[in-house]
Each structure stands twice: as C-alpha cells, then as structure tokens.
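Values in this text are rule-based calculations from the coordinates and carry no lab data. A quick note: this is a predicted structure, and the numbers were derived from the prediction, not measured. Reconstructed Cβ throughout: ideal geometry from the backbone, glycine too, with neighbour counts over all protein chains shown.
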Amino acid sequence: MQVEKNKEYIVDIIDNGFQGEGIAKIDGLTIFIPKAIKGEKIKVLIVKVLTSHAFGKIIEIIKQSENRVTSDCTTYKRCGGCSLRHIKYKETLKMKQNAVQSLVNKSLNNKIKVEETLGMEHPYHYRNKAQYPVGLNKDGKPVIGVFANRTHEIIPIDTCFIQNKQTEEIAKYIFKFLVDNNVSFYDEKAQKGLVRHIVTKIGIKTNEIMCIIVINGREIPNESKMISELTSKFSSIKTIVKNINTKNTNVILGNENINLYGDGYITDKLGDYTFKISSMSFYQVNPIQAERLYELGVKLADITKEDVVFDLYCGIGTISLFMSKYAKKVYGVEIVEEAIVAAKENAKINNVNNTEFIAGDVEKVLDDLVNVKQIIPDIIMVDPPRRGLDNTSIENIKKVLPKKLVYISCNPATMVRDINMMEGEYQIKEIQPVDMFPYTSHVECCSVLYLKNSIQ
C-alpha cells in the first residue's frame, strides 16, 4: 500500500520522537504526527510524503493515552514553544529520558543506561528572560505576544505559563504606554516603524528587573515620561536599556545599548555566587534547574585542590566559579568578549582568585593553552552550543587526555556524537538529563567520561 498525501489512515502510535511527535508505521513507512502520544490510536491525514518518511496531522483520537491532558494554555498549539503541554509532566520527563537513551543505543558502543530526568517540583513561570515581539496584526492594529510556530505572525497571549508573571506584567505595561502615546511599531515587510521587541530579565533570587526596548531608530517618543511611569509603578525595575537594531535581521538585539535608567545590569545568585547580568549576557533562563545542573557537573567532576580545570564555552563564568572552590586553578574560555569581561567581573565580585578567563575561539585557545603555553588540564568541562564540539577541539582533548571530561549539553544528539568520537580513550560513566525547559521538547544533559587507563 502506497501512502498518499491528503488521504486519511487509522494508525497506532508506537513511539514518540525527539521533538515529542508521535511515530506510526504504515507498511513500513515511518509517519511523524505532532501532538500524538505513544499508545494512542489516531485517524490521521497525511500532509507530506517523502521517500523515507511522511508527516500527518491528527483528525480524530480514537483511543486516547492516559497521559494526555487538556492544555491549560490557549495558544500553545500555534506558539510552538511548549510543544508537550498536552502531556502529563511526569510523562514528559520519561519521554526525554527515552529520547536520550535512543541516541545512546544508536550511536555509542557502551550502551549505558541513561538516568531518569531531573524534573522541577513546580514547572511553571520558570523563565527569567522574556522576548516579546511587537508589531501590527492583519488589521493594522498594534500587537504584543509570541511568534506563531515557524512564522513571524505575532500571536497575542493572555498568560504564558512558563514566563515570569512580574516581567510579563511589565512588558504589557510598556506596550500599553507605547500604544497610548502613539509610538509606531516595526513592520518587518515594510522595514518601517520604531519598536521591534520588548525584552525583560529578572534575577529570580534578587528580584531585580531589567527592561530592554529594541528600536529601529535612536529615540523613543516620551522617553522620560515612560521611564518615570515604569519606575514609579514597578519598584523592582533596576535598569532600563534602549537597544538599537536598525538592520533587516531576525536577530533580536542590535550591538548598541543606551542606558535610560540604572547602570545597564542586574544581579542574580546561583548557589553561593552572585552574577552580574547585562542586556547582552547569556545566563541560563531557568536558574533553579541551572543550579542543580552545575552542582551535578561539579559533583561528577569530583575536583580536588590538585586539579587544573579547563571550562570551555564558559559564558559569564557561572560553572567556572562553581568549580573554583574545589580546584587549584580554573581556566575559562569563551568567544564572546563581553561575556569574558563579565566573567572576570563576576570572579571579582565573589572574591575568587584562582580563575583566569580568556576571550577567543575555543578551538584556537585550547590549542594555544596546551601546545604553546604547555598548560595541561586534569579535568575539562565543556558546555558547547547546539552544534557541539568541533573536530579540532576533540582531537586536542584526545592529545591532552585529561583524566575526566564533563560534558554539559543542550543538544543530546551532538553530545552523543562527540562522546562516540572519544570512546576509544574514554569510558562513559553517567548521562543525567535535566529538565531545564519544562513542557518543551528540549532537554539538557550532564555526562562524565573517565580516561580508561585512570579508572580504578
């Protein structure tokens, strides 16, 4: 039987994929069906057929999974952010564990059992950063919300269950002020209009709030009035930043920041440490789970006062500082210069004296540290971007052969690929998924590799 586009079929969902989509088979052809759950019987409409697989959409749920719930969010189907909001939370944790296990089974020689995903006790309103696009709807009226999945159409939202309530209220207040004062909003197609995004950040432990207004220009009409109203109504606002972005781009923030109020940064605490966060700083969006992840990384590394540690892709130095308490010396490497400036400042704020932060491409700096400066690490910690480690860095790690490699990853697929390339020299001991982004398909992992000849 040949699977045909625009034809309906009744299928059994035999598994869930990495994005949470249901997986069915029709005469051996794999069908991916968004929002379907393993164990369900579904009437599906085929919307796309390729040589190796096809895509369908749910027409009717004939037999429903006991793990299906009615979503508490009216926009999640269009937003695409919380793609697992129709599934019981505990089940989403199992799905993420299974997704990582599947990658291990396919790619690693050592088929290690993946640990159960560390979930949140209260998986709601956990994000400390929100980026709200603003613009005009189809009727030409101002709108604030989120982009519809795979489009740049802005969907208005009443409440987002993963955003911080306080910062959501502030963003809506800023939007209302702009509307009431006839400030123009950016039109992507015409590339005209002023305000493009409203971005908010909050220190979860400090309750300090930053507002960033991204504009296609230089001045916001009634700027001083806006600042006065905002700061008098919301005492938690510590700084307001105007970000200039006049380029025709999908990148939210431009390179120029002007402080309208305060000094352009907020602080937050992770564990025992205080971190300074600017408008451009990368800081984990779920600090509750980030704290657990970093503590886990440090525990798995089992650092001693004799150890020299390299922290590659160190950002603003969060995990470097966590490790510094236990290590002889920590070298942090990061390509974003502003992040390194912040990392040095964070070390100073926390009176940490055994760290050294270096700005540059990890591939080149690692090569320089090892082959030129002859600094040999005992432990390497990596937390690379989604693309994973580059081949040169992997080869350098294999030349240096630290006794332990701790790999933190936001993309289990590239993590497992990279681990596979080091299995000749290293024994993978543990993979621990952490639910950094509840109700989304994303999962963070922390894994530890031991040099084979150093295992007791």
- request: Could you list all residues from region 105-129 that are surrounded by fewer than 21 Cβ atoms within 10 Å (Cβ to Cβ) and hydrophobic (A, V, I, L, M, F, W, C)?
  value: 108, 112, 118, 120
From 57, 38, 43, residue being touching a Leu at 6+ places or on another chain (Cβ under 7 Å) and either among the aliphatic types (A, V, I, L, M) or surrounded by 13 or more Cβ atoms within 10 Å (Cβ to Cβ) (or both): 57
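Look through 343, 339, 347, 290 and report the one residue that is touching a residue at least 60 places away in the same chain (Cβ under 8 Å) and in a helix (DSSP H, G or I). Outline the logic, then answer.
Values: 343 fails: touching a residue at least 60 places away in the same chain (Cβ under 8 Å); 339 fails: touching a residue at least 60 places away in the same chain (Cβ under 8 Å); 347 fails: touching a residue at least 60 places away in the same chain (Cβ under 8 Å).
None of the other options fit; the residue is 290.
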- request: Could you check, for region 179-200, whether at least one of its residues is free of Cβ contacts under 8 Å to residues at least 60 places away in the same chain, part of a strand (DSSP E or B) and either under 25 Å from residue 343 (Cβ atoms) or β-branched (Val, Ile, Thr) (or both)?
  value: no
- request: Go through (1) surrounded by fewer than 21 Cβ atoms within 10 Å (Cβ to Cβ); (2) within 15 Å of residue 209 (Cβ to Cβ) and name the single condition residue 241 misses.
  value: (1)
message: Please go through region 387-398 and give me each residue that is under 17 Å from residue 411 (Cα atoms) and touching a helix residue (DSSP H, G or I) at 6+ places or on another chain (Cβ under 7 Å), ordered by number.
response: 387, 388, 389, 390, 394
task: Name the one entry in 377, 412 that is within 28 Å of residue 114 (Cα to Cα), surrounded by 17 or more Cβ atoms within 10 Å (Cβ to Cβ) and in contact with a Phe, Trp or Tyr (Cβ under 7 Å, 6 or more places away or on another chain).
output: 377
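In region 77-94, how many residues are part of a helix (DSSP H, G or I) and over 18 Å from the mean Cα position of the chain (by Cα)? It would help to see each step written out before you state the result.
Step one: list which residues in region 77-94 are part of a helix (DSSP H, G or I), which gives 77-79, 89-94.
Now restrict to residues that are over 18 Å from the mean Cα position of the chain (by Cα): 77-78, 89-91, 94.
Qualifying residue count for the region: 6.
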message: Residue under question is residue 155, and the condition is that it be aliphatic (A, V, I, L, M), over 22 Å from residue 206 (Cβ atoms) and not in a loop (DSSP other than H, G, I, E, B); does it hold?
response: yes
message: For a quick check of your reading of the model, give me the residue pairs whose first member lies in region 46-70 and is small (Gly, Ala, Ser), whose second is in a loop (DSSP other than H, G, I, E, B), with beta-carbon atoms closer than 6 Å and at least 6 apart or on different chains.
response: 54/3; 65/37; 65/39; 65/40
